[in-house]
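Here's the structure we're looking at; comments come further down.
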Amino acid sequence: MRACMLFVTGLLVGVGLHTVAAQSPNTGLVGVNHIGMNVPNLDEAVTYYTKTLGFPEAFRVNDDKGQARLVYVQVSKNTFFEIQPGPGRPAAINHVGIHVENMAAATAMFKQRGANVGEIRTSDTKAILNNITDPNGIRIELAELPPASMHRQAMDRWK
């Protein structure tokens, strides 16, 4: 049931952002790309999302010990769940990822409006990232997805 609620939440956020972006002065926002979540048992969660729900594993990133640090499963061509291990903690959504066309422009736009925006960085997935933290402490991850990023490569492989 929780997985179903997470899926529905992701769809609603995606549809809402798409509608708002189409009617607002925001430029360069492509849409919601992923919902990030922590789970107590990564293997169990990945098995559920891949086998029960049928979302293929798009990619994973391992830490220096060879353990999975995050796993992306692909809901549709442009939409993913980012699953991270959180042993000993209850499952929770930890961020929403928004695909942007140009990180520098998106960062400048949100900073100009007074948003709490972090510093631009490149992740080990080769995505260009930045974070916005809203007044409630909710993290919104901005993601520019160049051709070398694992996200873009998974999107390009989608049939």
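Here the simple spin-label model places points 7 Å from the Cα toward Cβ, and for Gln112 and Ser76 these points are separated by 3.0 nm.
Computed from backbone phi with θ = phi - 60° and the Karplus coefficients 6.51, -1.76 and 1.60, the 3J(HN,Hα) list for region 25-32 is x, 5, 10, x, 8, 7, x, 6 Hz; x is used for glycine and proline. Legend: Rg and Dmax of region 116-159, from Cα coordinates, 12.4, 39 Å.
Each residue of region 94-110 was assigned a 3J(HN,Hα) from its phi angle through the Karplus expression (A = 6.51, B = -1.76, C = 1.60, θ = phi - 60°), giving 10, 6, 10, x, 10, 6, 10, 6, 9, 5, 4, 5, 5, 4, 4, 4, 6 Hz with x at Gly and Pro.
If R₀ is 41 angstrom, what is the calculated FRET efficiency for the pair Asn136 and Arg157, using the beta carbon separation as r and rounding to 0.05? With R0 = 41 Å, the Cβ-Cβ based efficiency is 0.70. Each residue, Ala68 and Ala92, gets one label point 7 Å from its Cα in the Cβ direction; the gap between the two is 2.2 nm. Based on Cα contacts under 8 Å between residues 6+ apart, region 51-108 shows a relative contact order of 20 percent. Distance between the C-alpha centres of region 114-134 and region 32-69: 21 Å, rounded to the whole angstrom. Let a ≥ b ≥ c be the square roots of the eigenvalues of the Cα gyration tensor of region 57-159; is it rounded (a/c under 1.5), or, if not, prolate (a/b larger than b/c) or oblate? Judged from the Cα gyration tensor, region 57-159 comes out oblate (a/c at least 1.5, b/c at or above a/b).
Where a number appears in this text, it was derived from the coordinates with a stated rule and is not lab data. Since the model is a prediction, treat every value here as computed from it, not as a measurement. Don't worry about glycine lacking a Cβ; one is built from the backbone with ideal geometry, like all the others, and counts go over all protein chains shown.
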